[in-house]
2 protein chains.
Amino acid sequence: MKVIFTEKQKKHYPHTFFSSGAPQPNPEVPERADRLLAAAISSGLTAEVPGDYGLEFIAAVHTPRYLTYLQNIHARWIRIEGGSSEVVPGIHPDRRDGGYPASAAGQAGWHHCDTASPVSADTWDSALWSAHTAAHAAKRVIAGDASCYALSRPPGHHATREVASGFCYLNNTAIAAAVLRTTHDRVAILDVDLHHGNGTQEIFYERSDVFTVSIHADPVRFYPFFWGYAEERGSGAGKGFNLNLPLPRGTGDDVYLRTLDAAISSIGKFAPGAIVIALGLDAYEDDPLRGLAVSTAGFERIGHRIAAIGLPTVLVQEGGYLSDGLGDNLSSFLRGFSNS
Amino acid sequence: MKVIFTEKQKKHYPHTFFSSGAPQPNPEVPERADRLLAAAISSGLTAEVPGDYGLEFIAAVHTPRYLTYLQNIHARWIRIEGGSSEVVPGIHPDRRDGGYPASAAGQAGWHHCDTASPVSADTWDSALWSAHTAAHAAKRVIAGDASCYALSRPPGHHATREVASGFCYLNNTAIAAAVLRTTHDRVAILDVDLHHGNGTQEIFYERSDVFTVSIHADPVRFYPFFWGYAEERGSGAGKGFNLNLPLPRGTGDDVYLRTLDAAISSIGKFAPGAIVIALGLDAYEDDPLRGLAVSTAGFERIGHRIAAIGLPTVLVQEGGYLSDGLGDNLSSFLRGFSNS
């Protein structure tokens, strides 16, 4: 299996992050990619640099004005007297029934919904290549690879059509699915990140051709708080094509795996032609964002069951933060995935 | 005319405020009330302390869970390890189609949409009495006063049914209108604050019994950015009962007064039984929030024209920040208002 990655994805180095009103180090650091790449290589994967797919697949899941915003906002922002060095929003629309402002501060509020995804001069380029990485992995699977691992960083699954949040800017998982849709009528997305994949859900919420399933810590007391509840099943043509499986904080391997079985069973009924795994590793028991309690051995079992689905599979890296176990958890997942 | 005020409204002293990502002093300071009270007294108004109206009129314009939140969030917040001393939200729903979280951080995100309205241990009490002040002034007008000035502080017109923002918590202007509605079938609200009264608009957006009119700096490049556009006319039964009159930055007296004439003309056609003036003084040319350029003499002309509407009138203080002209602008307005 190939691991897709380019060093361009490491330029983005966010410094801003507020948690419960207090400034904290932003945990989405470039070193994550180093650890994951080393683990992938030591697991026997072969590294490959992604091609440049332009905006073709990115524009399939994001709005034009959002892409314009991401590309030019930092240059506009640094002209604000007394403003922060990174783009950090401070005011947001709580509903989208009014107008779209022209000012940098107003657009920042429109296109972000938290303080976890600041924009620096390097953000667009890294996010763009993170998206190319996902698209490239999907292209490889279309070309005949049974599976491919996109080491996408920054991550993507919290990014909606036009809102960045949760360390995410472009929704790499959704972009991989958009690529797969060029050759498959039905594509499934299975999100095993610790956090609900609210961006992915939003993008496909009214569509029946992409079935979105997410297993995550219950949002009632966990990020992203406002989505990820079992009641959210899709709307319009997408009704029934979104499945949320929230788990209590601290859930360990056995309950997690039973939930994964239920997710896989529902995916089987959908009968997709290919699948994207939003591969967060932060469900780990010692991840600094501490929400669930999957063990390193548990990731091997998760990988094994996902491979057993037997579909062409794009693995897209999502969360998973610096801990002694980060690389081991990827290796464990890949071991299970390749030994299915 | 009476000026309604209680010192309890001065306990709230917010310290957090971010502008374009950078921390700034919060301009909504208790001293504003001192300056305005002194100007009201020197203008010949008689001070009166408001009565306690419980939650009767407040609950007419805000949701129960929001009121519960405002009352208990600070006590919950300070138990968060490493959290800020004031409640400051950091993540927000950009749409309201999911679930309502149970955690303090999640609820803070739900019930705020910017960083301008932090909650301290003193916030609820001051906001509550600011609302009682508005209710009391409306009660006086119902009882026969031709007009009454509610020195409401903190202000209210950015607060929606369940979202605090822009230094606002409880929508005093809307609460005054709710009181007037107990005896008048139709009530008008005319908002002359520098900023669009987005909270007031939201509360009455689907209603035809309260006509909301706002004159303000064009939101395309000014707070609140996402609402206040001319296209927003109300919806459902409220279609046609909201009027926004955005003005270019730097608009001075003459254009302002012509716009005011148009607002008053539209209010005349609505034929309300009483009117609430959302009396911001921050359209002043030297207000620190600098958006429009109304002169001190201009406020006298504004007051004169508002009095000439000839309706029972509740004046509810909204914005207007510390400048050498703050008290003079209120005196000027009151001079024009009483000499009509």
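Assorted remarks:
- With respect to being under 21 Å from residue A:167 (Cβ atoms) and among the acidic types (Asp, Glu), residue A:97 falls outside the description.
- For the stretch A:290-299, the count of residues that are part of a helix (DSSP H, G or I), more than 28 Å from residue A:226 (Cβ to Cβ) and open to solvent by 30 Å² or more (accessible area, probe 1.4 Å) is at least one.
- Tally of residues being farther than 14 Å from residue B:274 by Cβ and part of a loop (DSSP other than H, G, I, E, B) across the stretch B:134-159: 9
- Screening B:295, B:338, B:265, B:323 for residues that are among the hydroxyl-bearing types (Ser, Thr, Tyr), in contact (Cβ under 8 Å) with a residue 12 or more places away in the chain and within 26 Å of residue B:180 (Cα to Cα) leaves exactly one candidate, B:338.
- Pick from the stretch A:97-124, criterion out of contact with any helix residue (DSSP H, G or I) (no Cβ under 6 Å at 6 or more places or on another chain) and part of a helix (DSSP H, G or I), ranking: nearest to residue A:312 (Cα to Cα): A:123
- Scanning the stretch B:11-29 for residues that are open to solvent by 10 Å² or more (accessible area, probe 1.4 Å) and within 16 Å of the chain's Cα centre (by Cα) yields B:27, B:29.
- Residues in the stretch B:98-114 that are open to solvent by 20 Å² or more (accessible area, probe 1.4 Å) and within 7 Å of chain A (Cβ to nearest Cβ): 3 in all.
- First in the stretch B:53-73 and farther than 20 Å from residue B:118 by Cβ, second anywhere and open to solvent by 50 Å² or more (accessible area, probe 1.4 Å) and in a helix (DSSP H, G or I), Cβ under 8 Å, 6 or more apart: B:53/B:139
- Single condition residue A:82 does not satisfy, out of (1) over 28 Å from residue A:202 (Cβ atoms); (2) more than 8 Å from every other protein chain (Cβ to nearest Cβ); (3) open to solvent by 10 Å² or more (accessible area, probe 1.4 Å): (2)
- Those residues of the stretch A:115-132 which are more than 9 Å from chain B (Cβ to nearest Cβ) and touching a Cys at 6+ places or on another chain (Cβ under 9 Å), in sequence order: A:117, A:127
Residue by residue, here is whether (1) buried (at least 24 other Cβ atoms within 10 Å of the Cβ); (2) at pLDDT 95 or above; (3) over 30 Å from residue B:20 (Cα atoms); (4) not basic (Lys, Arg) holds:
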site: A:130; (1), (2), (3), (4): yes, yes, no, yes
site: A:149; (1), (2), (3), (4): yes, yes, yes, yes
site: A:152; (1), (2), (3), (4): yes, yes, no, yes
site: A:156; (1), (2), (3), (4): yes, yes, no, yes
site: A:161; (1), (2), (3), (4): no, yes, no, no
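- Looking across the stretch A:119-158, the residues that are in contact with a His (Cβ under 9 Å, 6 or more places away or on another chain) and of a type in the set (Asp, Glu) come down to A:122, A:125.
- For residue A:193, the test of being away from chain B (no Cβ under 13 Å) and either touching a helix residue (DSSP H, G or I) at 6+ places or on another chain (Cβ under 7 Å) or over 30 Å from residue B:76 (Cα atoms) (or both) is failed.
- Apart from one condition, residue B:56 fits all of (1) modelled with pLDDT of 95 or more; (2) open to solvent by 60 Å² or more (accessible area, probe 1.4 Å); the exception is (1).
- Of the helices (runs of 4 or more DSSP H) that lie entirely inside the stretch A:168-275, those containing 3 or more residues that are open to solvent by 30 Å² or more (accessible area, probe 1.4 Å) span A:253-270.
- Take the conditions (1) of a type in the set (A, V, I, L, M); (2) open to solvent by 10 Å² or more (accessible area, probe 1.4 Å); (3) at pLDDT 95 or above; residue B:326 misses just one of them, which is (2).
- Among the candidates B:59, B:47, B:38, residue that is over 30 Å from residue A:76 (Cβ atoms), more than 8 Å from chain A (Cβ to nearest Cβ) and assigned to a helix (DSSP H, G or I): B:38
- Unmet criterion (only one of (1) more than 25 Å from residue A:22 (Cα to Cα); (2) open to solvent by 10 Å² or more (accessible area, probe 1.4 Å); (3) hydrophobic (A, V, I, L, M, F, W, C)) for residue A:135: (2)
- So residue A:43, is it crowded, with 16+ Cβ neighbours inside 10 Å, modelled with pLDDT of 95 or more and among the small types (Gly, Ala, Ser): yes
The values are calculated or read from the model by the stated rules, or taken from the named source; none is laboratory data. Please read all numbers here as calculations on a predicted model, not as lab measurements. In this analysis, Cβ positions are derived from the backbone assuming ideal geometry, glycine residues included, and neighbour counts consider all displayed protein chains. Just the protein is used for accessible areas: all its heavy atoms, side chains included, with ligands, DNA and RNA removed. Shrake-Rupley method; radii C 1.70, N 1.55, O 1.52, S 1.80 Å.
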